[in-house]
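Down below is the structure, laid out as C-alpha cells.
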Amino acid sequence: MQAAAQATNQQLIVLDISSEGDFEIAFATLVQRGARALHLGAGAFMNSNRKRVVALAARYRLPTSYAAREAVLDNGLMSYGSSFADAYHQVGIYTGRILRGEKPADLPVMQSTKVEFFLNLKTAKALGLEVPPMVLALADEVIE
C-alpha cells in the first residue's frame, strides 16, 4: 500500500486499532487529517467489529474497502480479498490428506490464489460516488 500511495503521490495514514474504544477516535482522526478513503485490514478483531466500522464509514462519508465480502453485505462499499470458499475448499483437501495418513509437516504450505471483488452500489450512491462501467465489469458480484 505504501508503494501504491507513493506512486500516486498520495499520503498513507496508518492507524492501529486495538480496542473497541479506538474506532471513533480513529475515524475522527482520519477525517481531521483529510483522508479521502479507507482500507480496513483483515483479522478476527476487525471482522467482529465490521458492522461498527461500516456504520462509522457511512457516518463520516468515508469510502471504505474491506478484506471480506461480509462487510459489503452489511452495506460496506467494496471488498477485495481472498476467497473464503476457496480457502475452506483447500482446508477440506488438507483434512482428507491427513485422514488418509499423510503427516501435516510433510504437506506444502498453501496460500489462497483466488481473490474476489465485491461492490455495493447502494452504498456508492449514498456516498455520492459514480462507479465507472469498467469497475462494475471487474466485480465478481455487484449488490444493488
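The values are calculated or read from the model by the stated rules, or taken from the named source; none is laboratory data. Here the structure is a predicted model, which is why all the values come from computation and not from measurement. For neighbour counting, all protein chains shown are included, and Cβ atoms are generated from backbone atoms with ideal geometry for every residue, glycine included.
Might you check whether a residue that is of a type in the set (A, V, I, L, M, F, W, C) and more than 18 Å from LEU73 (Cβ to Cβ) occurs anywhere in the stretch 45-55?
yes
Only helices (runs of 4 or more DSSP H) wholly contained in the stretch 57-144 count here; list those with 3 or more residues that are among the small types (Gly, Ala, Ser), out of contact with any strand residue (DSSP E or B) (no Cβ under 8 Å at 6 or more places or on another chain) and at pLDDT below 95.
By residue number, 84-99.
Quick one: how many residues across the stretch 1-44 are under 13 Å from the mean Cα position of the chain (by Cα) and either in a helix (DSSP H, G or I) or over 25 Å from SER82 (Cβ atoms) (or both)?
To start, the set of residues in the stretch 1-44 that are under 13 Å from the mean Cα position of the chain (by Cα) comprises 37-44.
If we keep only those that are either in a helix (DSSP H, G or I) or over 25 Å from SER82 (Cβ atoms) (or both) as well, we get 44.
Count: 1.
Which members of the stretch 100-121 meet the condition of being among the charged types (D, E, K, R) and surrounded by 11 or more Cβ atoms within 10 Å (Cβ to Cβ)?
GLU102, LYS114, GLU116
Could you grab me the full set of residues in the stretch 44-75 that are among the polar types (S, T, N, Q) and either farther than 18 Å from ASP16 by Cβ or out of contact with any helix residue (DSSP H, G or I) (no Cβ under 8 Å at 6 or more places or on another chain) (or both)? Steps first, answer last, please.
The first filter runs over the stretch 44-75 and keeps only residues among the polar types (S, T, N, Q), leaving 47-49, 64-65, 75.
Residues satisfying the conditions are SER48, SER65, ASN75.
Give the number of residues within the stretch 53-106 that are closer than 30 Å to VAL31 by Cα and of a type in the set (D, E, K, R).
5
Restricting the stretch 72-94 to residues that are without any contact (Cβ under 8 Å) to a residue 40 or more places away in the chain and aliphatic (A, V, I, L, M), which is nearest to LEU119 (Cα to Cα)?
It comes out as ALA85.
What pairs can you find where one residue is in the stretch 50-71 and over 23 Å from PHE84 (Cβ atoms), the other is of a type in the set (Val, Ile, Thr) and surrounded by fewer than 18 Cβ atoms within 10 Å (Cβ to Cβ), and their Cβ atoms are less than 9 Å apart, with a gap of 6+ or different chains?
TYR60/VAL31; ARG61/VAL31; LEU62/VAL31
Within the stretch 114-133, take every residue that is among the β-branched types (Val, Ile, Thr) and touching a residue at least 24 places away in the same chain (Cβ under 8 Å) and give me the one that is farthest from ARG97 (Cα to Cα).
Only one residue fits best here, namely THR123.
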